[in-house]
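The values are calculated or read from the model by the stated rules, or taken from the named source; none is laboratory data. Note that the structure is predicted; figures quoted are calculated from it, not measured. Please note: Cβ atoms are built from the backbone with ideal geometry, for glycine as well, and neighbour counts cover all protein chains shown.
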Amino acid sequence: MDVAMTAFASAQTGARQAFVREIELRRERVPDFDRYPFNLPAVRDLHRLQLHPAVTFLVGENGSGKSTLLEAIAVALGFNAEGGSRNFGFRTRESHSELHGYLRPVRTVRRMRDGFFLRAESLFNVATEIERLDVDEPGDQPSPPISAGFGARALHEQSHGESFLALIDNRLRGNGLYLLDEPEAALSPIRQMTLLTMLHRLVRKKSQLIIATHSPILLSYPDAAILQLSASGLSQVTYEDTEHFTVTRDFLNRYPAMLRVLLADDDQASLVLEDDE
């Protein structure tokens, strides 16, 4: 399956060129499509995944493979599997799949000036590595510590959510390629809105972002490409057609009825549904 964008041109991105145009799966090298991670529906039928020049979202249910795919893309592009810039090389635990070895990024002539892979589940490890580098690699000449590029306060001295926003606000400088895996994980709805404005600022600084998310707030970003991973494979969808949007909308619009269904005893659930109709 070729997942191609249908409408790249927009007021936000114009005709700007991406850093990475598409990701190709080298299918002829795959040893066994019945083996993980190649048996994931989003991978099994994949040929080429075309990326939006500004923002590409990967969405899907837990276990659909969106983080696995994003991680493999990041590693194929030279980023550390646990997160960080392409200069980070630490390993806490080898847990990433072999998928990256079968992906071929198709780059454009445009060269990025910055890049970062942010993983919600391993940001603690990245923060620890930053502190280690400050101590172990001070350099021969007086210079600001590496941690200075991530904000005035050490990431470990902030809450999980604060450290997310501090890293994005201070370290992601623009004109770069950024891969974010569930960046909303530690953020309240209001902070997710703050993150949305930060993403917009990066887009205006001519950045390209690939984001795996569950957040209907982040997914609302205009003119982005939304790729949905499901049992049927990988397909492009509109914001209003995502399960994240429809489920959130339906719950908030009729939450008393939804709660009666969700909290009812199994033998009463059907009766509750009939009464609500």
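Conditions (1) of a type in the set (A, V, I, L, M, F, W, C); (2) in a helix (DSSP H, G or I); (3) outside the structural domain of HIS52 (by TED's automatic domain parsing), marked per residue:
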{"residue": "LEU165", "(1), (2), (3)": "yes, yes, no"}
{"residue": "ILE168", "(1), (2), (3)": "yes, yes, no"}
{"residue": "ARG173", "(1), (2), (3)": "no, no, no"}
{"residue": "LEU179", "(1), (2), (3)": "yes, no, no"}
{"residue": "GLU184", "(1), (2), (3)": "no, no, no"}
{"residue": "GLN192", "(1), (2), (3)": "no, yes, no"}
{"residue": "MET198", "(1), (2), (3)": "yes, yes, no"}
{"residue": "ILE210", "(1), (2), (3)": "yes, no, no"}
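Scan region 173-184 and give yes if some residue there is among the acidic types (Asp, Glu), modelled with pLDDT under 95 and in contact with a strand residue (DSSP E or B) (Cβ under 8 Å, 6 or more places away or on another chain), otherwise no. Checked against the condition, which is being among the acidic types (Asp, Glu), modelled with pLDDT under 95 and in contact with a strand residue (DSSP E or B) (Cβ under 8 Å, 6 or more places away or on another chain), region 173-184 yields at least one hit.
Could you tell me whether THR68 is at pLDDT 95 or above, within 30 Å of GLN17 (Cβ to Cβ) and either out of contact with any Leu (no Cβ under 6 Å at 6 or more places or on another chain) or not assigned by TED's automatic domain parsing to the domain that holds ARG86 (or both)? Criteria not met by THR68.
All of (1) closer than 22 Å to GLU243 by Cα; (2) out of contact with any helix residue (DSSP H, G or I) (no Cβ under 7 Å at 6 or more places or on another chain); (3) at pLDDT 95 or above hold for VAL59 with one exception: (2).
Inside region 25-79, residues that are surrounded by fewer than 21 Cβ atoms within 10 Å (Cβ to Cβ) and part of a loop (DSSP other than H, G, I, E, B) make up a count of 18.
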